[in-house]
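Single-structure report; data block below.
The values are calculated or read from the model by the stated rules, or taken from the named source; none is laboratory data. This one's a predicted model, so the numbers in the text were calculated from it and none came from an experiment. For neighbour counting, all protein chains shown are included, and Cβ atoms are generated from backbone atoms with ideal geometry for every residue, glycine included. Surface accessibility is based on the protein's heavy atoms, side chains included, excluding ligands, DNA and RNA. Shrake-Rupley method; radii C 1.70, N 1.55, O 1.52, S 1.80 Å.
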Amino acid sequence: MASSSSSSTPRTWRYRVFTSFHGSDVRKSFLSHFRKQFNNNGITMFDDQRILRGETISPALTQAIRESRISIVVLSKNYPSSSWCLDELLEIIKCKDDMGQIVMTVFYGVDPSDVRKQAGDFGIAFSETCARKTDEERRKWSQALNYVGNIAGEHLLNWDNEAKMIEKIARDVSDKLNVTLTPSRDFNGMVGLEAHLREMESLLSLDYDGVKIVGITGPAGIGKTTIARALHSLLSNRFQLSCFVDNLRESYHSGFDEYGLKLRLQEQFLSKILNQTGMRICHLGAIEERLCDLKVLIILDDVNDVKQLEALANENKWFGPGSRIIVTTENKDLMRQHGINNTYHVKFPSGEEALEILCRYAFRQSSPRLGFKNLAKNVTWLCGNLPLGLRVVGSSLHGKNEDEWEYMLSRLETIIDRDIEEVLKVGYESLHENEKSLFLHIAVFFNNKDGDLVKAMLADDKNLDIQHGLNILENKSLISIDGEIRMHKLLQQVGIQANQREDPCKRRILIDAQDICHALENETGNGAVSGISFDTKGINEVTISKRALRRMSNLRFLRVYKSRGDGNNIMDIPEEMEFPPLLRLLHWDAYPSKSLPLRFRAENLVELDMQNSQLEYLWQGTQPLKNLKKMNLSCSAHLKELPDLSLATNLERLDLGFCRALVELPSSIGNLQKLDHLNTGYCESLQVIPTHINLASLEDIYLTGCPKLKSFPVFSTTIKSISLQRTGVEEVAASIMHCSQLLYLYITECRNLKSFAHLPTSLEVLDLSWTDIEMIPDCIKDLQRLASLRLFRCTKLKSLPELPVSLTLLTAEDCESLESVTEPFNTPNAQLNFSNSFKLGEEAQRVIIQQSFLDGSACFHGNSMPSEFNHRARGNSLNILLTSSASSTFKACVVISPNYRQHARDCRIVEVCCRIIDNRGWYIHIKSVYLRHPEKSTGLRTKHLCIFHGIVPEVGSDAVFEFYISSEKSLDDYKITECGVQILTNETERRRERGSKGYENPSYEADYDKLSYEIDYDNLSYTVDYDNSRYEFDDFNDVFEDSEDGLSSCDSISDDATDEQGTLL
């Protein structure tokens, strides 16, 4: 598939194909059929009919060869009998070498080996020609024949049908032309188009001789038509006939009956594809009659009714072998209805691609101009990465200054461009009334909301089949559903504009702030209103009449919010105000009263969201809350109590974060058997939590920042995550052992926690950082799923017990009392961070040094190189003479020194890399390990040792081990002051070296005697053999990522090389 984005200036070729042949052998037979097939395929050939043949090749013929993209040499019995043909061949090969001309061969009644060796009848003819020529001419012709004889081409003797061979040659030529010729400039600069074309090429299976229909689906404005037009431009010359049928949506006239509609569509289509204006047909078999024996490319663009497909492409047999029909539509269901199984769904471009699309139109370049980067990113985000929006908005911003960009940004938040709306609103307008209502409610209230929650919200609408309606919207690419219901930002604007165009007296959703204020103050609302979305931005004061909401008897969705802070606004709510009884969504940010009205009825509520409210309580007594699924009262700083929730048996989420006055959770929480998320984070007064309850669905409880909470709550045996940071918890309850699904336990900054004795074996992450824990119980070795153990600044911790082999991260940084670790220390895949734990003793360091690492590493305080590392040097590199050519392993140690004192900041990662360079300057091995500093770490305060293992491939000579540091934060200013390496040559030596006590873990220790490497430097391939399994890499890029070609010379790399990216092996 040809690229559509080439920026180079292409060579202009006058002819597509030049054919070199011997006239008497093929002109009246093979060549005439050959030329006809090429004409049918739209491939232009040089015609030599008017050129007089002579002893020497004419200048006109030489020029024709040089102006042809492809030369086809037809090698027949008498081809070498003509010095003219042989001179043509020399010129063809010269053009191939000088200009990259493509050379193809056809062996017409001769054997390729006879051509190469000038043997048989072919050789006799060649010798006769050379008898009259010089030795130099003979030598050149012989080399040329040998060259073309080695080019794989079509051999007539391998075919039982010459016509089929000619079709195959024409198809191959067409393929090569599509790869090499410059595509239409109409598609230059189309970002991401090439990837779409590759996907479509795969679906089209162009080498398949049968008929295929392929669909392109996606939302309006995504680029379906652009992809289809590019395919038509690139592929049409492969087919006898091609046709792009656009505006099919507009061609669907409801004034015709079905039969009349199909007749009209077929007439228009046949007139276009056959280039015969005003065709008239009298039956629906016309397409099959006219096209059944022709190879055609047909593109049906913007199909919106299955009758259009039935009229134009009802059956594959209507079209000749090799035909392709491409259908574009927003409606995925049409594909299923018509049985089109090969469909390409066009996805939104990535953020990077979307920004480039905008810049192509706004700046006429691929990136933002200086000073416009943030503005361009914001515009891209507001356009939701939709190519149509990016093109229209980008074009309108071309040549504009920064102030004009800012103005456009403010408009895009509330107003959609007319050109964009005209395209996008078509899908909305094609909906029936019920689906339109569903579309509007999603656009205003439920975009990016959980699908089950939305269904519950709308379940009381007896006129609407919710699931059916959602399926229609999804099939028409108006929404997507991935657990949550998502509608594009620009489609949201289409919905809002459509709602505002409705008759004010019949308007279902009130959005305009001034209209809402008028209705609330003057009681002008009516029963037609089902929803209010009230953005109070810019509203200084609102006085709500006590019956204003009650008059809207069908009001089901009420949302009051402020999109942008602009000072305080006053909202006067009378105590006797009444909410309508059918209310299902009550979302009121900063609700100004101490409680909901006395007569508030909550039996239909599905979601109650009262964030940042002045509420002290919601209501008194017990309300029927069977429909309630979500309750969010977070940041209600004055909330003192929760209501009785015993009847909220379907409640799934309860958010109480930052309710600073809340003292206790009611015992009625024990009835919430469907609750899966409970958040009481930073409820500073919270002291009392009910005990002896087991919530069957609870998976996540967040209690961080509750300093008065002393007891360890176990709410559910099915819990997966418990967060208890910065609480007053003093011990871990023994009942936690029953939490057999607990994966994450965070108890950081709990200074009252001294010890614990019980942990469930399901744990994967245990964070005890900033606690006064004095010991870790021995049972931790039994947690065979534990991957991460975090002990940052556990200042009273003195020793570590045996740890589980599953561990991949141990953070014991700033553990100022830590002195010892327990043998056996068998964590081969763990990153062990003992930074700034200065009391770690020599014996503990010995145990750590002697353990075998696979993907793991260790970092601890130290300033001198351990004696085991017998190859050592100052600085960051050393040269080692490898006495054995066999592959082996090595252990490395580097001394890392901070250049200056670090400051506490966010967590970050420091990468320590080792690369081995052979005597040719090639990187033959790269190993990277990582030092992870947690949040608030000050980094390394003194010199530290970093130790890890790696593999030495077969070298058989000296090698340079080069070490360097790469950090994502420029503030991590570390340097390597010394490095050391120990080469490990056999398993016995390795066991003795690492001080094995007779234990082995076959799951985590590699048997290095079963490991070998093969590096083929000539073919740049890399092979690993391990335990009778073989792993092959096509090239070094699969293993080494330090350069574009995978084989960088160290001479071209700076010593620092801090931008190199290592590869874990």
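Scan Thr62, Thr56 and give me the residue that is open to solvent by 40 Å² or more (accessible area, probe 1.4 Å), out of contact with any Cys (no Cβ under 9 Å at 6 or more places or on another chain), among the hydroxyl-bearing types (Ser, Thr, Tyr) and at pLDDT below 90.
Working: Thr62 fails: open to solvent by 40 Å² or more (accessible area, probe 1.4 Å).
The match here is Thr56.
Which members of region 586-624 meet the condition of being out of contact with any strand residue (DSSP E or B) (no Cβ under 7 Å at 6 or more places or on another chain), over 14 Å from Arg556 (Cα atoms) and among the aliphatic types (A, V, I, L, M)?
Ala590, Leu596, Leu598, Leu615, Leu618
Which of the residues spanning region 791-828 are under 18 Å from Gln851 (Cα atoms), hydrophobic (A, V, I, L, M, F, W, C) and free of Cβ contacts under 8 Å to residues at least 60 places away in the same chain?
Passing the criteria: Leu800, Leu803, Leu807, Leu810, Ala812, Val821, Phe825.
Does region 133-144 include one or more residues that are under 53 Å from the mean Cα position of the chain (by Cα) and surrounded by fewer than 17 Cβ atoms within 10 Å (Cβ to Cβ)?
Yes, that holds for at least one residue.
For residues that are of a type in the set (Gly, Ala, Ser) and open to solvent by 50 Å² or more (accessible area, probe 1.4 Å), scanning just region 539-565, find the one that is modelled with the highest pLDDT.
Within region 539-565, the first condition is being of a type in the set (Gly, Ala, Ser), and the residues that meet it are 545, 548, 553, 563, 565.
So of that shortlist, the ones also open to solvent by 50 Å² or more (accessible area, probe 1.4 Å) come out as 553, 563, 565.
Values: Ser553: 91, Ser563: 84, Gly565: 70.
This residue is Ser553.
Given the structure, is Ser430 open to solvent by 10 Å² or more (accessible area, probe 1.4 Å) and within 18 Å of Leu583 (Cα to Cα)?
no
Just to be sure I understand the filter: pairs with C-beta atoms under 9 Å, separated by 6 or more residues or on different chains, first member in region 482-495 and farther than 16 Å from Gly221 by Cβ, second member open to solvent by less than 50 Å² (accessible area, probe 1.4 Å) and among the aromatic types (Phe, Trp, Tyr). Which pairs pass?
Here the result reads Ile485/Phe446, each pair linking region 482-495 to a residue that is open to solvent by less than 50 Å² (accessible area, probe 1.4 Å) and among the aromatic types (Phe, Trp, Tyr).
Just a yes or no: is a residue in region 326-334 at pLDDT 90 or above, over 24 Å from the mean Cα position of the chain (by Cα), over 24 Å from Lys224 (Cα atoms) and acidic (Asp, Glu)?
There is no residue in region 326-334 that is at pLDDT 90 or above, over 24 Å from the mean Cα position of the chain (by Cα), over 24 Å from Lys224 (Cα atoms) and acidic (Asp, Glu).
So is Ser410 part of a helix (DSSP H, G or I) and out of contact with any helix residue (DSSP H, G or I) (no Cβ under 7 Å at 6 or more places or on another chain) or not?
For Ser410, the condition - part of a helix (DSSP H, G or I) and out of contact with any helix residue (DSSP H, G or I) (no Cβ under 7 Å at 6 or more places or on another chain) - is met.
Before we move on, is Lys943 over 18 Å from Ile976 (Cα atoms), of a type outside the set (A, V, I, L, M, F, W, C) and open to solvent by 60 Å² or more (accessible area, probe 1.4 Å)?
Considered against the rule, which asks whether it is over 18 Å from Ile976 (Cα atoms), of a type outside the set (A, V, I, L, M, F, W, C) and open to solvent by 60 Å² or more (accessible area, probe 1.4 Å), Lys943 comes out as no.
Could you check, for region 263-283, whether at least one of its residues is touching a residue at least 12 places away in the same chain (Cβ under 8 Å), open to solvent by less than 60 Å² (accessible area, probe 1.4 Å) and part of a strand (DSSP E or B)?
Within region 263-283 (the criterion being touching a residue at least 12 places away in the same chain (Cβ under 8 Å), open to solvent by less than 60 Å² (accessible area, probe 1.4 Å) and part of a strand (DSSP E or B)), the answer is no, since none of the residues qualifies.
Taking the stated definitions as given, is Ser685 part of a loop (DSSP other than H, G, I, E, B), touching a strand residue (DSSP E or B) at 6+ places or on another chain (Cβ under 8 Å), touching a residue at least 12 places away in the same chain (Cβ under 8 Å) and surrounded by fewer than 18 Cβ atoms within 10 Å (Cβ to Cβ)?
Taking the combined requirement at face value, the residue does not satisfy it.
Checking the condition crowded, with 19+ Cβ neighbours inside 10 Å and part of a strand (DSSP E or B), which residue from Ser613, Ser533 passes?
Sole residue among the options that is crowded, with 19+ Cβ neighbours inside 10 Å and part of a strand (DSSP E or B): Ser533.
Filter region 957-992 down to the residues that are part of a loop (DSSP other than H, G, I, E, B) and at pLDDT 90 or above and list them by number.
Matches in region 957-992: none.
Across region 204-221, what is the number of residues that are open to solvent by less than 10 Å² (accessible area, probe 1.4 Å) and at negative phi?
Qualifying residue count, region 204-221: 5.
When the residues of region 742-794 are filtered to those that are among the β-branched types (Val, Ile, Thr) and in contact with a strand residue (DSSP E or B) (Cβ under 9 Å, 6 or more places away or on another chain), which remaining residue is farthest from Thr718 (Cα to Cα)? Talk me through it step by step, then tell me what you get.
Taking region 742-794 and keeping what is among the β-branched types (Val, Ile, Thr), we get 747-748, 761, 765, 771, 773, 776, 780.
From what is left, the residues that are in contact with a strand residue (DSSP E or B) (Cβ under 9 Å, 6 or more places away or on another chain) are 747-748, 765, 776, 780.
Working: Ile747: 19, Thr748: 22, Val765: 16, Ile776: 25, Ile780: 21 Å.
Among them, the one singled out is Ile776.
Tell me which residues, restricted to region 11-39, are among the hydroxyl-bearing types (Ser, Thr, Tyr) and open to solvent by 30 Å² or more (accessible area, probe 1.4 Å).
Thr12, Tyr15, Ser24, Ser29, Ser32
Could you pull out every one of the strands (runs of 3 or more DSSP E) wholly within region 704-811 that has 2 or more residues that are within 24 Å of Ser667 (Cβ to Cβ) and under 41 Å from the mean Cα position of the chain (by Cα)?
721-723
Kindly establish whether Thr883 is in the same structural domain as Gly980 (by the TED database), of a type in the set (S, T, N, Q) and in a loop (DSSP other than H, G, I, E, B).
In short, yes.
Give all pairs with beta carbons closer than 6 Å in which a residue from region 918-947 that is within 22 Å of Leu809 (Cα to Cα) meets a residue that is among the basic types (Lys, Arg) and part of a strand (DSSP E or B); count only pairs at least 6 apart in sequence or on separate chains.
As it stands, the answer is Ile926/Arg915; His933/Arg908, since those pairs meet every condition given.
When you go through (1) over 19 Å from Lys562 (Cα atoms); (2) touching a residue at least 60 places away in the same chain (Cβ under 8 Å) one by one for His638, which number turns out not to apply?
(2) is the only condition that His638 fails.
Please determine, by comparing only the residues of region 163-183 that are open to solvent by 40 Å² or more (accessible area, probe 1.4 Å) and of a type in the set (A, V, I, L, M, F, W, C), which one is modelled with the highest pLDDT.
So the residue we want is Ala163.
Give region 598-610 a look and list any residue that's buried (at least 16 other Cβ atoms within 10 Å of the Cβ), over 18 Å from Met571 (Cα atoms) and not polar (S, T, N, Q), or say none.
Hits for region 598-610 are Phe600, Arg601, Ala602, Leu605, Val606, Glu607, Leu608.
Name the residues in region 345-376 that are surrounded by 15 or more Cβ atoms within 10 Å (Cβ to Cβ) and part of a helix (DSSP H, G or I), would you?
Glu353, Ala354, Leu355, Glu356, Ile357, Leu358, Cys359, Arg360, Tyr361, Ala362, Leu375, Ala376
Being closer than 23 Å to Ile72 by Cα, surrounded by fewer than 14 Cβ atoms within 10 Å (Cβ to Cβ) and modelled with pLDDT under 90 narrows it down to one of Asp160, Asp186, so name that one.
Asp160
Go through (1) open to solvent by less than 50 Å² (accessible area, probe 1.4 Å); (2) closer than 26 Å to Leu458 by Cα for Leu647 and report which single condition fails.
Result: Leu647 passes all but (1).
Going through region 416-442 one residue at a time, which ones are under 30 Å from the mean Cα position of the chain (by Cα), closer than 24 Å to Ile532 by Cβ and assigned to a loop (DSSP other than H, G, I, E, B)?
Ile416
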